[in-house]
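In what follows, a structure is listed as structure tokens, so that the remarks can point back to it.
The values are calculated or read from the model by the stated rules, or taken from the named source; none is laboratory data. Computed from a predicted model, the values in this text were never measured in an experiment. In this analysis, Cβ positions are derived from the backbone assuming ideal geometry, glycine residues included, and neighbour counts consider all displayed protein chains. Ligands, DNA and RNA are excluded from the accessible area calculation, which covers all protein heavy atoms including side chains. Shrake-Rupley method; radii C 1.70, N 1.55, O 1.52, S 1.80 Å.
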Amino acid sequence: MVVCLRLPSLTSSLFSPATTNSLRRSPALLGRWSGPRQFQPHSPLFSASTQGTAATETTSEDRVDGNSKNRMSNNPDRVITPRSQDFNAWYLDVIANAELADYGPVRGTMVIRPYGYAIWEAIQEFLNVKFKETGHSNMYFPQFIPYSFIEKEASHVEGFSPELALVTIGGGKELEEKLVVRPTSETIVNHMFTQWIHSYRDLPLMVNQWANVTRWEMRTKPFIRTLEFLWQEGHTAHATPEEAENEAIQMINIYTKFAYEQAAIPVIAGRKSRVETFAGASKTYTIEAMMGDRKALQAGTSHNLGQNFSRAFGTQFTDENGQRLHVWQTSWAISTRFVGGIIMTHGDDAGLMLPPRLSPIQVIIIPIWKKDAEKMEVLNAASSVKEVLQTAGFKVKLDDSDVRTPGWKFNFWEMKGVPLRIEIGPRDVSSRSVVISRRDVPGKQGKVFGISMEPSILEAYVKEKLDEIQSSLLGQATSFRDSNIVDVSSYDELKVAISRGKWARGPWSASDEDELKVKEETGATIRCFPFQQPQGIKTCLMTGNPAEEVAIFAKSY
């Protein structure tokens, strides 16, 4: 059945005009372009209608240097805008030049390219194991959800209404009921849970799905905020509120462990304020990451839904005493925005800098020769090194193409963030050694000569250096984060800290109205009440009343 969504113009670009230019200006993209892409107005499968309208204005965050396109046109090599000059332009340049993503024909969408998707696959691989270790099973729910399901939970529909994409025509006919293109799955999950859960013996029910989600975002940024994105969403049902709370905490702890140990991102885990709590949840737990421009990124969330959805959908079970009770539930998710978080946490002026445990390629091997007589022995040695490292379990690529110079390859793979580079030339072949360079330590300081090709020595050295890089990236990100968090004790101090681009941390027990006032006057929101709290008596920075907790305020993506 052909389904028609009434969508805005398909000729709209992915982002606002200025940011689209930043993507287009990359040689990696310009090389494939001979002019604007052409679309047949009647050929798309989908047309669309939404609850909200995509914004067309260009924000200050989206603007890029107007001279950038000319600079790129005059330079045949790949050029990345310095981070300190224009962070947003730098971010878009890295995505384009490192071949992570391209923009789709529908405004707000992106095409995730193989290298970018490989990073997402590495995220999936780690989390999938953790989910199954903790008793969750993968499954899949439909993408189309009856609109009446969304309406059943009042706060849920209120929270998501502006972002919904609706299907109104199917098979050439007006549908009797509008269908929502999945913004999240709590409603359809509860519909099915109601059919599967009857007794306490059916609990806990714990599932996860890897899926795509559609939310009609007003301002888009690749990986960080797009009309459609990929994620995992876990959903569980429990017999007691304690079990649901333990589950929600367990999952945010898994996300925290992933962020620290795999992504080398020192997130701050904590509880969201009432204002920032997920629509339909009793509590929302979050991991907040500081990006290279010091903005906060909500990198993962875990929600204790209480009985809000089970009451709306009548999801009940019979307990051991024969009583009918509503289940207690959780939901939790991490999305492809984590890829954007990795870029903005670790990247530098040379491009990507990937943590080894998530890098699609951990070691790039560059053979070097000048004379044809040297080529074969160098390539044979490089292939042997590749085989040794692959057998040891490392992710290795041999760049044996002879179209580009070694210097070009060095810059290219550095820009793609590969943690280690191995160089092999005729002298290295003779001495049975290699040259190894670290991506995180630029120049001569990061280069070591004379590492033996003997398998046990080479394997041990590569492992040691990859571990060092992983640890170093986490250490650098932690130092950067800690040096940009300011402890404040008054609203004036908070405003000063935020105006300087810092995160502000201070005691808070004020009202929701006061929280909204902070957002209106400073642009900052409460990112979380951290799990790790200082001891002692505290006084609210806004009201002067006693406060039990400190909160972290920051501007965010």
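Ignoring everything but the protein chains, give the 1.4 Å probe accessible area of H326 in square angstrom, nearest 10. For H326, the solvent-accessible surface is approximately 40 Å². On a per residue basis, the stretch 94-346 carries 35 Å² of accessible surface, using protein heavy atoms and a 1.4 Å probe.
All Cα-Cα separations within the stretch 281-340 were binned at 5 Å from zero, giving a P(r) of 4, 17, 17, 16, 12, 11, 8, 7, 5, 3, 1, 0, each value a whole percent of the pairs.
Taking the Cα centre of the stretch 94-346 as origin and assigning +1 to Lys and Arg Cβ atoms and -1 to Asp and Glu Cβ atoms, the resulting dipole is close to 540 debye.
In the full protein context, the stretch 363-464 carries 52 Å² of accessible surface per residue, based on a 1.4 Å probe and ignoring ligands, DNA and RNA. Going 7 Å from the Cα of V129 in the Cα-to-Cβ direction, what parts of the stretch 235-263 have a backbone nitrogen less than 19 Å from that spot? Taking a point 7 Å out along Cα→Cβ of V129, the residues of the stretch 235-263 whose backbone N falls under 19 Å are 251-263. Here the spin labels are modelled as points 7 Å beyond Cα on the Cα-Cβ line, and at D349 and E320 they lie 6.6 nm apart. Between S456 and V79, the FRET efficiency estimated from the beta carbon spacing at R0 = 45 angstrom works out to 0.60. Once both labels are positioned 7 Å from their Cα atoms along Cα-to-Cβ, the gap between K375 and E549 label points is 6.5 nm. Using a ≥ b ≥ c from the Cα gyration tensor of the stretch 189-268 (square roots of the eigenvalues), is it rounded, prolate or oblate, where a/c under 1.5 gives rounded and otherwise the larger of a/b and b/c decides, a/b for prolate? It is oblate, given that a/c is not under 1.5 and a/b is not larger than b/c.
The modelled label-to-label distance for the pair E493/H198, using points 7 Å beyond Cα in the direction of Cβ, is 6.1 nm.
Our summary gives the stretch 485-555 a relative contact order of 40 percent, counting only alpha carbon pairs under 8 angstrom and 6 or more residues apart. Only lysine pairs 8 or more places apart, or on different chains, with alpha-carbon atoms under 26 angstrom apart are counted in the stretch 94-346, and they number 17. Note on the stretch 470-499 and the stretch 516-538: Cα centroid distance 13 Å, given to the nearest whole angstrom. Extension gain, I537-E387: 0.36 nm per intervening residue step, less the Cα-Cα distance, totals 47.9 nm.
Of the solvent-accessible surface of the stretch 485-555, computed with a 1.4 Å probe over protein heavy atoms with every protein chain present, carbon and sulfur atoms account for 47 percent. Most tightly packed first, judged by the mean number of other beta-carbon atoms within 10 Å of their residues, the peptides 278-291, 195-208 read 278-291, 195-208. The order of the peptides 424-435, 140-151, 251-262 by mean Cβ neighbours within 10 Å, most packed first, is 251-262, 424-435, 140-151. Annotation: amide H of M110 within the under-5 Å range of G104, E228, sequence separation 5 or more or interchain, hydrogens built in the peptide plane. When only Cα pairs below 8 angstrom with a gap of at least 6 residues are kept, the stretch 197-346 shows a relative contact order of 28 percent. Under 5 Å between amide hydrogens, built in the peptide plane, is the criterion, and for L175 it picks out I169, G170 among residues at least 5 positions away or on other chains.
Kirkwood radius, the stretch 94-346, all distinct C-alpha pairs, inverse of mean reciprocal distance: 19.0 Å.
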